[in-house]
1. What figure in square angstrom, to the nearest 10, would you give for the accessible area of B:Y72 with a 1.4 Å probe?
2. For region A:93-133 and region A:208-249, compute the distance between their C-alpha centroids and round to whole Å.
3. For A:K99, B:K71, give me the order by solvent-accessible area with a 1.4 Å probe, most accessible first, ignoring ligands, DNA and RNA.
4. Per residue of A:211-221, count partner chain C-beta atoms within 10 Å of its C-beta, then hand back the mean as an integer.
5. Just from its helices, what would the mean residue ellipticity at 222 nm be for chain A, if runs of 4 or more DSSP H residues each count -39500 (n - 2.57) and the sum is divided by every residue, rounded to the nearest 500 deg cm²/dmol?
6. Okay, which of region A:92-117 sit inside 20 Å, backbone N to the point 7 Å along the Cα-Cβ direction of A:T69?
7. If I take R0 = 60 Å and measure r between the Cβ atoms of A:F138 and B:M55 in this structure, what FRET efficiency does the formula 1/(1 + (r/R0)^6) give, to the nearest 0.05?
8. Ignoring ligands, DNA and RNA, how do B:F150, A:F30, A:F180 rank by accessible area with a 1.4 Å probe, largest first?
Amino acid sequence: MTTATIAADRPGNADPSVIPFTVTFIIRRFDPDTDTEPRWQDFDVEMYATDRVLDALHKIKWEQDGSLTFRRSCAHGICGSDAMRINGRNRLACKTLIKDLDISKPIYVEAIKGLPLEKDLIVDMDPFFASFREVQPFLIPGSKPEPGKERVQSVAERARFDDTTKCILCAACTSSCPVFWTDGQYFGPAAIVNAHRFIFDSRDDASQVRLDILNDKEGVWRCRTTFNCTDACPRGIQVTQAIAEVKQALMRGHA
Amino acid sequence: MTAIDNAPAIEPPRSPSRPARKRGVNWEKWGWIYMRVSGVLLLVLIFGHLFVNLMVGDGVHAIDFGFVGGKYASPFWQVWDVLMLWLALIHGGNGMRTIVNDYATLPTTRRILKGAIFVAVAALILLGTLVVFTFEPCPAGSPADLLPSFCPVG
(Lines give C-alpha, C1' and ligand atoms only; values in the text may rest on other atoms or scores of the structure.)
Protein backbone atom coordinates (compact mmCIF):
# COMPACT_ATOMS: atom_id res chain seq x y z
CA MET A 1 0.00 0.00 0.00
CA THR A 2 1.52 3.27 -1.12
CA THR A 3 1.33 6.50 0.80
CA ALA A 4 -0.79 7.99 -1.98
CA THR A 5 -3.53 5.43 -1.31
CA ILE A 6 -3.50 6.14 2.41
CA ALA A 7 -3.77 9.87 1.80
CA ALA A 8 -6.73 9.33 -0.52
CA ASP A 9 -8.59 7.26 2.09
CA ARG A 10 -8.42 10.12 4.55
CA PRO A 11 -11.62 12.24 4.43
CA GLY A 12 -11.33 15.87 3.41
CA ASN A 13 -8.24 15.45 1.28
CA ALA A 14 -8.87 17.46 -1.90
CA ASP A 15 -5.63 16.86 -3.84
CA PRO A 16 -7.00 15.74 -7.23
CA SER A 17 -3.95 13.60 -7.97
CA VAL A 18 -4.85 11.19 -5.16
CA ILE A 19 -8.57 10.83 -5.88
CA PRO A 20 -9.21 7.47 -7.53
CA PHE A 21 -11.50 7.11 -10.54
CA THR A 22 -12.99 4.12 -12.30
CA VAL A 23 -11.51 3.09 -15.65
CA THR A 24 -13.01 0.39 -17.87
CA PHE A 25 -10.57 -1.99 -19.51
CA ILE A 26 -11.66 -4.29 -22.32
CA ILE A 27 -9.09 -7.04 -22.62
CA ARG A 28 -8.82 -9.61 -25.39
CA ARG A 29 -8.73 -12.94 -23.57
CA PHE A 30 -7.73 -16.30 -24.98
CA ASP A 31 -7.35 -19.52 -23.04
CA PRO A 32 -6.12 -22.29 -25.38
CA ASP A 33 -7.63 -24.94 -23.06
CA THR A 34 -11.21 -23.67 -23.28
CA ASP A 35 -11.51 -21.11 -26.07
CA THR A 36 -11.48 -21.72 -29.80
CA GLU A 37 -11.52 -17.98 -30.56
CA PRO A 38 -10.29 -15.01 -28.52
CA ARG A 39 -13.04 -13.09 -26.67
CA TRP A 40 -13.24 -9.56 -25.23
CA GLN A 41 -13.86 -9.19 -21.49
CA ASP A 42 -14.30 -5.96 -19.57
CA PHE A 43 -13.05 -5.02 -16.13
CA ASP A 44 -13.72 -1.89 -14.04
CA VAL A 45 -10.63 -0.83 -12.12
CA GLU A 46 -10.07 1.94 -9.54
CA MET A 47 -7.10 3.92 -10.79
CA TYR A 48 -5.06 7.00 -9.92
CA ALA A 49 -3.80 9.51 -12.47
CA THR A 50 -0.23 8.41 -11.76
CA ASP A 51 -0.98 4.74 -12.53
CA ARG A 52 0.07 2.94 -15.66
CA VAL A 53 -1.76 0.34 -17.75
CA LEU A 54 0.49 -2.28 -16.18
CA ASP A 55 -0.84 -1.30 -12.72
CA ALA A 56 -4.37 -1.86 -14.01
CA LEU A 57 -3.41 -5.32 -15.29
CA HIS A 58 -1.87 -6.11 -11.89
CA LYS A 59 -5.02 -4.95 -10.08
CA ILE A 60 -7.16 -7.12 -12.32
CA LYS A 61 -4.92 -10.14 -11.87
CA TRP A 62 -4.53 -9.73 -8.10
CA GLU A 63 -8.03 -8.58 -7.15
CA GLN A 64 -10.50 -9.66 -9.85
CA ASP A 65 -9.35 -12.49 -12.11
CA GLY A 66 -6.17 -14.40 -11.31
CA SER A 67 -6.25 -16.17 -14.66
CA LEU A 68 -5.34 -13.04 -16.62
CA THR A 69 -1.99 -13.82 -18.24
CA PHE A 70 0.64 -11.33 -19.40
CA ARG A 71 4.41 -10.93 -19.43
CA ARG A 72 6.18 -8.31 -17.40
CA SER A 73 9.50 -8.22 -15.69
CA CYS A 74 11.18 -4.96 -14.71
CA ALA A 75 8.02 -2.83 -15.06
CA HIS A 76 10.16 0.21 -15.90
CA GLY A 77 10.44 0.15 -19.68
CA ILE A 78 13.83 -1.55 -19.89
CA CYS A 79 13.26 -5.29 -20.19
CA GLY A 80 10.79 -5.08 -23.07
CA SER A 81 8.49 -7.84 -21.82
CA ASP A 82 5.12 -6.11 -21.76
CA ALA A 83 4.61 -4.78 -25.27
CA MET A 84 0.89 -4.93 -26.08
CA ARG A 85 -1.71 -3.24 -28.23
CA ILE A 86 -3.33 -0.48 -26.15
CA ASN A 87 -6.22 1.28 -27.90
CA GLY A 88 -4.93 -0.10 -31.19
CA ARG A 89 -1.35 1.12 -30.79
CA ASN A 90 1.65 -0.93 -29.75
CA ARG A 91 2.87 0.35 -26.42
CA LEU A 92 4.70 -0.89 -23.33
CA ALA A 93 2.06 -1.32 -20.60
CA CYS A 94 4.60 -0.13 -18.02
CA LYS A 95 5.24 3.16 -19.87
CA THR A 96 1.63 4.06 -20.74
CA LEU A 97 0.15 6.37 -18.11
CA ILE A 98 -3.59 6.32 -17.50
CA LYS A 99 -3.66 10.13 -17.59
CA ASP A 100 -2.41 10.06 -21.20
CA LEU A 101 -5.36 7.92 -22.33
CA ASP A 102 -8.96 9.02 -22.88
CA ILE A 103 -10.64 7.40 -19.89
CA SER A 104 -14.12 8.61 -20.83
CA LYS A 105 -14.07 5.61 -23.14
CA PRO A 106 -12.99 2.03 -22.34
CA ILE A 107 -9.33 1.20 -22.85
CA TYR A 108 -8.79 -1.75 -25.19
CA VAL A 109 -5.85 -4.00 -24.44
CA GLU A 110 -4.83 -6.96 -26.61
CA ALA A 111 -1.76 -8.98 -27.49
CA ILE A 112 0.62 -7.72 -30.18
CA LYS A 113 -0.33 -8.84 -33.70
CA GLY A 114 1.51 -10.98 -36.23
CA LEU A 115 2.96 -13.51 -33.79
CA PRO A 116 1.13 -16.71 -32.71
CA LEU A 117 -1.20 -16.02 -29.76
CA GLU A 118 -0.51 -18.36 -26.84
CA LYS A 119 -2.68 -17.08 -24.00
CA ASP A 120 -4.39 -13.73 -23.23
CA LEU A 121 -1.65 -11.12 -23.80
CA ILE A 122 1.18 -13.58 -24.41
CA VAL A 123 2.42 -14.41 -27.91
CA ASP A 124 5.06 -16.83 -29.14
CA MET A 125 8.19 -14.69 -29.62
CA ASP A 126 10.28 -17.43 -31.29
CA PRO A 127 9.79 -16.23 -34.91
CA PHE A 128 10.74 -12.72 -33.77
CA PHE A 129 13.97 -13.85 -32.13
CA ALA A 130 14.73 -16.20 -35.03
CA SER A 131 14.94 -13.28 -37.46
CA PHE A 132 16.90 -11.29 -34.83
CA ARG A 133 19.47 -14.12 -34.68
CA GLU A 134 19.66 -14.32 -38.45
CA VAL A 135 21.24 -10.86 -38.83
CA GLN A 136 24.14 -11.98 -36.58
CA PRO A 137 23.63 -9.32 -33.89
CA PHE A 138 27.05 -9.60 -32.28
CA LEU A 139 30.43 -7.94 -32.86
CA ILE A 140 32.44 -9.71 -35.57
CA PRO A 141 35.87 -8.01 -35.58
CA GLY A 142 38.40 -8.70 -38.30
CA SER A 143 41.42 -8.07 -36.09
CA LYS A 144 42.48 -8.39 -32.47
CA PRO A 145 42.67 -5.27 -30.30
CA GLU A 146 46.06 -4.23 -29.00
CA PRO A 147 46.94 -6.45 -26.03
CA GLY A 148 45.38 -5.06 -22.87
CA LYS A 149 43.50 -2.33 -24.78
CA GLU A 150 39.91 -1.85 -25.79
CA ARG A 151 38.85 -1.23 -29.39
CA VAL A 152 39.16 2.52 -29.85
CA GLN A 153 36.29 4.42 -31.44
CA SER A 154 35.80 8.15 -31.91
CA VAL A 155 32.79 10.01 -30.57
CA ALA A 156 31.52 10.55 -34.12
CA GLU A 157 31.93 6.88 -34.99
CA ARG A 158 29.95 5.91 -31.88
CA ALA A 159 27.25 8.48 -32.61
CA ARG A 160 26.72 6.98 -36.09
CA PHE A 161 24.73 4.03 -34.68
CA ASP A 162 23.75 5.43 -31.28
CA ASP A 163 20.02 5.46 -32.01
CA THR A 164 19.81 1.75 -32.80
CA THR A 165 21.71 0.70 -29.67
CA LYS A 166 18.60 1.63 -27.66
CA CYS A 167 16.55 -1.37 -28.83
CA ILE A 168 15.12 -3.52 -26.02
CA LEU A 169 13.66 -6.21 -28.33
CA CYS A 170 10.10 -5.71 -27.11
CA ALA A 171 8.73 -6.49 -30.62
CA ALA A 172 6.44 -3.43 -30.58
CA CYS A 173 7.83 -2.29 -33.95
CA THR A 174 7.87 -5.66 -35.73
CA SER A 175 4.34 -6.49 -34.58
CA SER A 176 3.04 -3.10 -35.75
CA CYS A 177 4.38 -3.62 -39.28
CA PRO A 178 1.63 -4.41 -41.83
CA VAL A 179 4.15 -6.23 -44.04
CA PHE A 180 5.09 -8.49 -41.11
CA TRP A 181 1.40 -9.20 -40.40
CA THR A 182 0.84 -10.62 -43.88
CA ASP A 183 4.32 -11.93 -44.71
CA GLY A 184 5.79 -13.96 -41.87
CA GLN A 185 9.09 -14.34 -43.77
CA TYR A 186 9.95 -10.60 -43.62
CA PHE A 187 12.81 -9.88 -41.21
CA GLY A 188 10.83 -7.11 -39.54
CA PRO A 189 11.99 -3.71 -38.26
CA ALA A 190 13.57 -4.97 -35.02
CA ALA A 191 15.98 -7.32 -36.81
CA ILE A 192 16.95 -4.57 -39.26
CA VAL A 193 17.48 -2.11 -36.41
CA ASN A 194 19.83 -4.57 -34.70
CA ALA A 195 21.64 -5.24 -37.98
CA HIS A 196 21.99 -1.44 -38.42
CA ARG A 197 23.59 -1.26 -34.97
CA PHE A 198 26.49 -3.46 -36.17
CA ILE A 199 26.57 -2.53 -39.88
CA PHE A 200 27.49 1.06 -38.97
CA ASP A 201 29.80 0.13 -36.06
CA SER A 202 33.38 1.04 -37.02
CA ARG A 203 34.73 -1.81 -34.85
CA ASP A 204 32.77 -4.43 -36.76
CA ASP A 205 34.09 -5.99 -39.96
CA ALA A 206 31.14 -8.13 -41.07
CA SER A 207 28.77 -5.42 -42.25
CA GLN A 208 28.94 -6.85 -45.79
CA VAL A 209 27.69 -10.20 -44.46
CA ARG A 210 24.71 -8.52 -42.78
CA LEU A 211 24.01 -6.34 -45.81
CA ASP A 212 23.93 -9.48 -47.98
CA ILE A 213 21.45 -11.05 -45.56
CA LEU A 214 19.19 -7.97 -45.64
CA ASN A 215 19.48 -7.69 -49.46
CA ASP A 216 17.28 -10.80 -49.53
CA LYS A 217 13.83 -10.97 -51.10
CA GLU A 218 12.40 -10.81 -47.56
CA GLY A 219 14.89 -8.17 -46.45
CA VAL A 220 14.81 -4.37 -46.35
CA TRP A 221 13.13 -4.03 -49.78
CA ARG A 222 9.91 -5.36 -48.26
CA CYS A 223 9.66 -2.17 -46.16
CA ARG A 224 6.85 0.13 -47.33
CA THR A 225 7.86 3.09 -45.13
CA THR A 226 4.52 3.23 -43.33
CA PHE A 227 6.28 4.54 -40.17
CA ASN A 228 4.18 2.26 -37.91
CA CYS A 229 7.43 1.00 -36.37
CA THR A 230 8.76 4.49 -35.59
CA ASP A 231 5.42 5.35 -33.98
CA ALA A 232 5.38 2.14 -31.93
CA CYS A 233 8.95 2.20 -30.59
CA PRO A 234 8.84 2.84 -26.82
CA ARG A 235 12.50 3.89 -26.94
CA GLY A 236 11.92 6.53 -29.60
CA ILE A 237 14.25 4.89 -32.13
CA GLN A 238 13.84 6.32 -35.64
CA VAL A 239 13.22 2.82 -36.98
CA THR A 240 12.10 3.76 -40.49
CA GLN A 241 15.15 5.99 -40.86
CA ALA A 242 17.43 3.14 -39.79
CA ILE A 243 15.84 0.88 -42.41
CA ALA A 244 16.28 3.61 -45.04
CA GLU A 245 19.96 3.93 -44.09
CA VAL A 246 20.43 0.19 -44.62
CA LYS A 247 18.71 0.53 -48.03
CA GLN A 248 21.11 3.35 -48.94
CA ALA A 249 24.10 1.28 -47.81
CA LEU A 250 22.86 -1.53 -50.06
CA MET A 251 22.59 0.85 -53.02
CA ARG A 252 26.10 2.19 -52.33
CA GLY A 253 27.34 -1.38 -51.90
CA HIS A 254 29.01 -0.72 -48.53
CA ALA A 255 28.19 0.65 -45.08
CA MET B 1 45.79 -9.77 -19.07
CA THR B 2 47.31 -12.89 -20.63
CA ALA B 3 44.09 -14.77 -19.91
CA ILE B 4 42.73 -13.61 -23.25
CA ASP B 5 45.29 -15.71 -25.09
CA ASN B 6 44.40 -18.81 -23.06
CA ALA B 7 40.64 -18.34 -23.47
CA PRO B 8 38.85 -21.33 -25.01
CA ALA B 9 38.25 -20.98 -28.73
CA ILE B 10 34.73 -19.82 -29.46
CA GLU B 11 32.79 -21.68 -32.11
CA PRO B 12 32.33 -19.61 -35.28
CA PRO B 13 28.92 -17.88 -35.48
CA ARG B 14 26.15 -20.19 -36.64
CA SER B 15 25.45 -20.15 -40.33
CA PRO B 16 22.26 -18.41 -41.42
CA SER B 17 19.19 -20.63 -41.37
CA ARG B 18 17.96 -19.47 -44.76
CA PRO B 19 20.20 -19.93 -47.79
CA ALA B 20 22.14 -16.87 -48.86
CA ARG B 21 20.77 -15.00 -51.83
CA LYS B 22 21.79 -16.41 -55.17
CA ARG B 23 24.19 -14.33 -57.25
CA GLY B 24 22.76 -12.42 -60.17
CA VAL B 25 20.35 -9.55 -60.62
CA ASN B 26 18.62 -8.58 -57.39
CA TRP B 27 15.09 -7.94 -58.67
CA GLU B 28 13.77 -6.76 -55.31
CA LYS B 29 16.45 -4.09 -55.08
CA TRP B 30 16.12 -2.90 -58.68
CA GLY B 31 12.33 -3.06 -58.42
CA TRP B 32 12.51 -0.80 -55.38
CA ILE B 33 14.83 1.67 -57.14
CA TYR B 34 12.70 1.53 -60.33
CA MET B 35 9.56 2.49 -58.40
CA ARG B 36 11.24 5.63 -57.08
CA VAL B 37 12.95 6.72 -60.29
CA SER B 38 9.89 6.07 -62.49
CA GLY B 39 7.69 7.80 -59.90
CA VAL B 40 9.69 11.04 -60.23
CA LEU B 41 9.75 10.84 -64.05
CA LEU B 42 6.02 10.08 -64.19
CA LEU B 43 5.23 13.14 -62.07
CA VAL B 44 6.79 15.33 -64.81
CA LEU B 45 5.44 13.30 -67.74
CA ILE B 46 1.85 12.99 -66.51
CA PHE B 47 1.44 16.58 -65.35
CA GLY B 48 3.07 17.78 -68.58
CA HIS B 49 0.64 15.60 -70.52
CA LEU B 50 -2.37 16.90 -68.59
CA PHE B 51 -1.22 20.52 -68.95
CA VAL B 52 -0.69 20.30 -72.71
CA ASN B 53 -3.93 18.40 -73.35
CA LEU B 54 -6.30 20.17 -70.97
CA MET B 55 -4.98 23.66 -70.22
CA VAL B 56 -3.04 25.04 -73.20
CA GLY B 57 -5.04 26.82 -75.93
CA ASP B 58 -8.68 25.72 -76.16
CA GLY B 59 -8.04 23.23 -73.38
CA VAL B 60 -10.11 20.08 -73.25
CA HIS B 61 -12.35 21.26 -76.15
CA ALA B 62 -9.44 21.04 -78.57
CA ILE B 63 -9.15 17.27 -78.22
CA ASP B 64 -10.37 15.41 -81.29
CA PHE B 65 -8.90 13.08 -83.90
CA GLY B 66 -7.00 15.93 -85.47
CA PHE B 67 -5.44 17.01 -82.15
CA VAL B 68 -4.24 13.49 -81.31
CA GLY B 69 -3.14 12.88 -84.90
CA GLY B 70 -1.18 16.11 -84.86
CA LYS B 71 0.57 15.15 -81.62
CA TYR B 72 1.55 11.71 -82.88
CA ALA B 73 3.03 13.20 -86.04
CA SER B 74 5.75 14.78 -83.88
CA PRO B 75 8.62 12.54 -82.67
CA PHE B 76 8.75 14.56 -79.42
CA TRP B 77 5.22 13.56 -78.39
CA GLN B 78 5.75 10.02 -79.64
CA VAL B 79 8.71 9.60 -77.29
CA TRP B 80 6.85 11.41 -74.47
CA ASP B 81 3.79 9.16 -74.70
CA VAL B 82 5.74 5.92 -75.15
CA LEU B 83 7.89 6.77 -72.13
CA MET B 84 4.75 7.50 -70.12
CA LEU B 85 3.16 4.26 -71.29
CA TRP B 86 6.09 2.00 -70.42
CA LEU B 87 7.01 3.68 -67.14
CA ALA B 88 3.42 3.89 -65.87
CA LEU B 89 2.40 0.34 -66.80
CA ILE B 90 5.54 -1.27 -65.35
CA HIS B 91 5.23 0.96 -62.25
CA GLY B 92 1.59 -0.02 -61.79
CA GLY B 93 2.23 -3.69 -62.58
CA ASN B 94 5.06 -3.86 -60.07
CA GLY B 95 2.83 -2.22 -57.46
CA MET B 96 0.10 -4.78 -58.12
CA ARG B 97 2.68 -7.56 -57.85
CA THR B 98 3.68 -6.18 -54.45
CA ILE B 99 0.06 -6.24 -53.30
CA VAL B 100 -0.28 -9.85 -54.48
CA ASN B 101 2.91 -10.75 -52.59
CA ASP B 102 1.47 -9.14 -49.47
CA TYR B 103 -2.07 -10.44 -49.51
CA ALA B 104 -2.29 -13.65 -51.56
CA THR B 105 -1.04 -16.59 -49.53
CA LEU B 106 -1.76 -19.66 -51.70
CA PRO B 107 1.09 -20.31 -54.19
CA THR B 108 -1.36 -21.13 -57.01
CA THR B 109 -3.38 -17.95 -56.43
CA ARG B 110 -0.18 -15.91 -56.43
CA ARG B 111 1.03 -17.47 -59.67
CA ILE B 112 -2.33 -16.91 -61.42
CA LEU B 113 -2.65 -13.30 -60.23
CA LYS B 114 0.95 -12.39 -61.10
CA GLY B 115 0.56 -14.10 -64.49
CA ALA B 116 -2.61 -12.09 -65.16
CA ILE B 117 -0.86 -8.84 -64.20
CA PHE B 118 2.09 -9.66 -66.47
CA VAL B 119 -0.16 -10.51 -69.44
CA ALA B 120 -2.20 -7.32 -68.98
CA VAL B 121 0.89 -5.12 -68.71
CA ALA B 122 2.64 -6.77 -71.67
CA ALA B 123 -0.46 -6.59 -73.89
CA LEU B 124 -1.12 -2.91 -73.09
CA ILE B 125 2.52 -1.95 -73.65
CA LEU B 126 2.61 -3.79 -76.98
CA LEU B 127 -0.66 -2.34 -78.24
CA GLY B 128 0.14 1.16 -77.02
CA THR B 129 3.60 1.20 -78.55
CA LEU B 130 2.21 -0.12 -81.82
CA VAL B 131 -0.42 2.63 -81.92
CA VAL B 132 2.00 5.44 -81.12
CA PHE B 133 4.52 4.48 -83.82
CA THR B 134 2.16 3.31 -86.57
CA PHE B 135 -0.50 5.98 -86.16
CA GLU B 136 -1.71 7.28 -89.55
CA PRO B 137 -2.73 10.94 -88.98
CA CYS B 138 -4.14 11.38 -92.50
CA PRO B 139 -6.29 8.35 -93.38
CA ALA B 140 -7.27 8.49 -97.05
CA GLY B 141 -10.76 9.62 -97.95
CA SER B 142 -11.59 11.39 -94.68
CA PRO B 143 -13.22 14.84 -94.57
CA ALA B 144 -10.55 17.53 -94.20
CA ASP B 145 -12.22 19.29 -91.24
CA LEU B 146 -11.61 16.23 -89.01
CA LEU B 147 -7.92 15.89 -89.90
CA PRO B 148 -4.81 17.70 -88.66
CA SER B 149 -4.02 20.90 -90.54
CA PHE B 150 -0.91 19.51 -92.24
CA CYS B 151 -2.77 16.75 -94.10
CA PRO B 152 -2.87 17.08 -97.93
CA VAL B 153 -6.33 18.09 -99.05
CA GLY B 154 -8.23 15.55 -101.15
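1. 40
2. 21
3. Details: A:K99 130, B:K71 20 Å².
These residues rank, largest area first, as A:K99, B:K71.
4. Details: counts 0, 3, 4, 1, 5, 8, 7, 2, 4, 3, 10.
Counting other chains' Cβ atoms within 10 Å and averaging over A:211-221 gives 4.
5. The per-residue figure over chain A is -7500 deg cm²/dmol.
6. A:93, A:109-117
7. The calculated FRET efficiency here is 0.50.
8. Details: B:F150 110, A:F30 30, A:F180 10 Å².
These residues rank, largest area first, as B:F150, A:F30, A:F180.
The values are calculated or read from the model by the stated rules, or taken from the named source; none is laboratory data. No experiment lies behind these values; they were computed from the predicted model shown. Ideal geometry is used to build each Cβ from the backbone, glycine not excepted, and the neighbour counts take in all protein chains shown. For accessibility, only protein heavy atoms count, side chains too; no ligands or nucleic acids. Shrake-Rupley method; radii C 1.70, N 1.55, O 1.52, S 1.80 Å.
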